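Colleague: Below is the structure I would like to discuss, written out as structure tokens.
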């Protein structure tokens, strides 16, 4: 008579599946719904990193995914725990970060009994803000459905997936032979363009007078960076990078043209803009000037390379649509260019790339009437952190100032806001980035407003001994908010946009961080040096001038002509007269 089949819990089945998928680290906040999974993680040597708020756990998993290219995993409890994490789910989804959110739920057998942390349809809530969401109906189905969730997160246009595991499903046991196999865990196809698409791209380049490449978040990968390095000299085309794609080219590269906003500045100077724009893993939307044509001119031909075919052609027609991986596209283009004679674009490239230097020069000697000029503070941070660092940028204007100066030498090292515009990402992003890259400096630059969202995560940094350096640019106001109000209604106007009085360095010291407050720019380099040398979590609070307005605030407000009939709609398109 044979031995009876060994029984395994749902928690063990889920932990086994995650381990087989290569998961080494999970970000979580404790909840009793997941005790069987936590035990499975201990048994299968998966590290559990606990934070102080579910949103921070989600943001940490998001950053881990972005900086490694691996699956990020967040485990959160039911009800309020899940509700707290919805911003993190939406943020990962909108930016295409592969994150698996495992959420708890009351027992299936107690449905509609008003159970603890029940009474809401979590999956119905998750579907609009995620790539895929499902509740596991039976313990034996955990392996194959978890594998399906992982495939969906990691393939095509990556994104956030939500897997609900009711507590009874997770804690019950089944004979191991009845458990479904975790099939297809490592299915990650890499689509390439067709030969005809590659030839068409080569033809468009050969006939262009002023081509430009804009790299977006989907293109912020080592593979794209390597392919661009090999192809850039041959092309001689100016390469613009959205903030999250910073580092795709080394900061000293002669074809690094900086942020895409430089194209708008070029047009404002009266110079001709690009006649061909290649969007490499970049989406059309607010970050590229919306429908204005300010960054991607209406008259320009457009090539869009994106893993999600449904994203191609948003806002305008494109001349060539390539639903493929960025690296594969660049490699196919290199082959298609064999024997093709390209124009000499050196003059155009120098003009386009010169905007970046001109922008930096405009603030190089900036001084503030009171406190430290925020550009100078951000510049000091970049100099202290160095090109090998990972930069986490949070806040409104604080993140914008820091984005102007951060100069990483590889992709995936600038983590900042995407289309959700979610303040408070900084602490979680920094935690995830530091655990993903323990050998690197991680610096978080944030505003005093954004720092208030998840300041308790300083405790997480201290408990886990993460030497993250946080720099708070404290102008004692909601900068983008108050400056927007004053642009709209006059310089003496403000409503619920002041934050005076909070001493962030004192708070950080209470958590056990190395902490300093800086009011004089001359003291900032030494303070930053001490923070990076501390070997533990550190916070440097820099008092900046509240009256300094970042140019992006002015541009996002969409100024209207005096006496004109337009209606100003902050951060969106203005409404024309007569509408």
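Colleague: Identify, from the list 60, 90, 85, 20, the residue that is in contact (Cβ under 8 Å) with a residue 24 or more places away in the chain and under 20 Å from residue 185 (Cα atoms).
Modeller: Testing whether each residue is in contact (Cβ under 8 Å) with a residue 24 or more places away in the chain and under 20 Å from residue 185 (Cα atoms) leaves just 20.
Colleague: Here is a check on your reading of the model: is residue 248 under 20 Å from the mean Cα position of the chain (by Cα) and in contact (Cβ under 8 Å) with a residue 60 or more places away in the chain?
Modeller: Judged against the criteria, residue 248 is a match.
Colleague: To continue, here is another question. With respect to residue 386, determine if the residue is in contact with a strand residue (DSSP E or B) (Cβ under 9 Å, 6 or more places away or on another chain) and on the phi > 0 side of the Ramachandran plot.
Modeller: No: the conditions fail for residue 386.
Colleague: Next up: Can you say whether residue 280 is farther than 30 Å from residue 389 by Cβ, touching a residue at least 40 places away in the same chain (Cβ under 8 Å), touching a strand residue (DSSP E or B) at 6+ places or on another chain (Cβ under 7 Å) and not assigned by TED's automatic domain parsing to the domain that holds residue 396, as far as the supplied structure shows?
Modeller: Criteria not met by residue 280.
Colleague: Select, from 316, 341, 327, the only residue that is over 28 Å from the mean Cα position of the chain (by Cα) and either in a helix (DSSP H, G or I) or farther than 12 Å from residue 197 by Cβ (or both).
Modeller: 341
Colleague: Being in contact with a strand residue (DSSP E or B) (Cβ under 9 Å, 6 or more places away or on another chain), under 19 Å from residue 157 (Cα atoms) and assigned by TED's automatic domain parsing to the domain that holds residue 170, is that true of even one residue in the stretch 108-120?
Modeller: No, the conditions are met nowhere in the stretch 108-120.
Colleague: In this structure, is residue 473 part of a helix (DSSP H, G or I) and touching a residue at least 12 places away in the same chain (Cβ under 8 Å)?
Modeller: No; evaluated as a whole, the condition is false for this residue.
Colleague: Considering only residues of the stretch 266-291 that are surrounded by 20 or more Cβ atoms within 10 Å (Cβ to Cβ) and assigned to a helix (DSSP H, G or I), which is farthest from the chain's Cα centre (by Cα)?
Modeller: Result: 266.
Colleague: Within the group 258, 223, which residue is in the same structural domain as residue 349 (by TED's automatic domain parsing) and either at pLDDT 95 or above or closer than 18 Å to residue 333 by Cα (or both)?
Modeller: 223
Colleague: Hey, can you tell me all the residues within the stretch 173-222 that are assigned to a loop (DSSP other than H, G, I, E, B), crowded, with 18+ Cβ neighbours inside 10 Å and in contact with a helix residue (DSSP H, G or I) (Cβ under 8 Å, 6 or more places away or on another chain)?
Modeller: Of everything in the stretch 173-222, those that are assigned to a loop (DSSP other than H, G, I, E, B), crowded, with 18+ Cβ neighbours inside 10 Å and in contact with a helix residue (DSSP H, G or I) (Cβ under 8 Å, 6 or more places away or on another chain) turn out to be 179, 182, 185, 193, 210, 216, 220, 221.
Colleague: Condition test on residue 317, is it touching a residue at least 60 places away in the same chain (Cβ under 8 Å), in the same structural domain as residue 265 (by TED's automatic domain parsing) and surrounded by fewer than 18 Cβ atoms within 10 Å (Cβ to Cβ)?
Modeller: Here the answer is no, as residue 317 does not meet what is asked.
Colleague: So in the stretch 506-548, with the set limited to residues that are out of contact with any strand residue (DSSP E or B) (no Cβ under 9 Å at 6 or more places or on another chain) and in a loop (DSSP other than H, G, I, E, B), which one is surrounded by the fewest Cβ atoms within 10 Å (Cβ to Cβ)?
Modeller: 512
Colleague: Among the residues of the stretch 106-146 satisfying the criterion of being surrounded by 17 or more Cβ atoms within 10 Å (Cβ to Cβ) and at pLDDT below 95, which is farthest from residue 33 (Cα to Cα)?
Modeller: Once the filter is applied, the top-ranked residue is 118.
Colleague: Only one of these is loosely packed, with under 14 Cβ neighbours inside 10 Å and either part of a helix (DSSP H, G or I) or over 25 Å from the mean Cα position of the chain (by Cα) (or both): 495, 462. Name it.
Modeller: 495
Colleague: Quick check on my filter: what residues within the stretch 39-50 are more than 28 Å from the chain's Cα centre (by Cα) and either in a helix (DSSP H, G or I) or crowded, with 20+ Cβ neighbours inside 10 Å (or both)?
Modeller: The answer is 39, 40, 42, 43.
Colleague: Of the residues 393, 435, 423, only one is at pLDDT 95 or above, surrounded by fewer than 24 Cβ atoms within 10 Å (Cβ to Cβ), touching a helix residue (DSSP H, G or I) at 6+ places or on another chain (Cβ under 7 Å) and under 18 Å from residue 91 (Cα atoms); which?
Modeller: Of the residues listed, the single one that is at pLDDT 95 or above, surrounded by fewer than 24 Cβ atoms within 10 Å (Cβ to Cβ), touching a helix residue (DSSP H, G or I) at 6+ places or on another chain (Cβ under 7 Å) and under 18 Å from residue 91 (Cα atoms) is 423.
Colleague: Please indicate, with yes or no, whether at least one residue in the stretch 163-174 is under 23 Å from the mean Cα position of the chain (by Cα) and either modelled with pLDDT under 95 or under 28 Å from residue 90 (Cα atoms) (or both).
Modeller: Taking every residue of the stretch 163-174 in turn, at least one turns out to be under 23 Å from the mean Cα position of the chain (by Cα) and either modelled with pLDDT under 95 or under 28 Å from residue 90 (Cα atoms) (or both).
Colleague: Somewhere in the stretch 326-337, is a residue free of Cβ contacts under 8 Å to residues at least 60 places away in the same chain and either more than 22 Å from residue 234 (Cβ to Cβ) or assigned by TED's automatic domain parsing to the domain that holds residue 307 (or both)?
Modeller: Within the stretch 326-337, none of the residues are free of Cβ contacts under 8 Å to residues at least 60 places away in the same chain and either more than 22 Å from residue 234 (Cβ to Cβ) or assigned by TED's automatic domain parsing to the domain that holds residue 307 (or both).
The values are calculated or read from the model by the stated rules, or taken from the named source; none is laboratory data. Values in this document were obtained by computation on a predicted structure and should not be read as measured data. Positions of Cβ are backbone-derived with ideal geometry, glycine not excepted, and every protein chain shown enters the neighbour counts.
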